[in-house]
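Have a look at the structure below before the remarks.
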Amino acid sequence: KFLLKTSIMLMIGGAVYAIYLSSLNERISQATQQPAQRTMTGKELLGGIQGTADQVQQVIDKAAAPVKEMLDKTTAATVGEVHRTVTEVNQANRQHENALHSIDSTP
């Protein structure tokens, strides 16, 4: 999570810096009366940031997949244990009830 937050903050900071340099380039070209060099537009920059964010999310998903799979297996095994234990307890209770009924029914 920290890596993702840091990556996003760096991308946002880089975007602000690139937009600032773009506007500075335009102001310099107006002051010197020379044509400005082609700079990246905000829309192009945001599109690149979205693509990078998607790539970071895919890496995180791939890294988290084995952990999630292990947790799912552990959960399934634990739930199975609980069901087996409940079944065994119910059977033991039935046996005790049968034993008590047989004692009560004898004269």
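Observations on the structure shown:
- The condition of being at pLDDT below 75 and of a type in the set (Val, Ile, Thr) holds for only one of Thr6, Thr39, that being Thr39.
- The listed residue being surrounded by fewer than 11 Cβ atoms within 10 Å (Cβ to Cβ), modelled with pLDDT of 80 or more and part of a helix (DSSP H, G or I), out of Ala92, Ala31, Ala65: Ala92
The values are calculated or read from the model by the stated rules, or taken from the named source; none is laboratory data. This structure is a prediction, so every number in the text was calculated from the model and none was measured. Cβ: placed from backbone, ideal geometry, glycine included. Neighbour counts: every protein chain shown.
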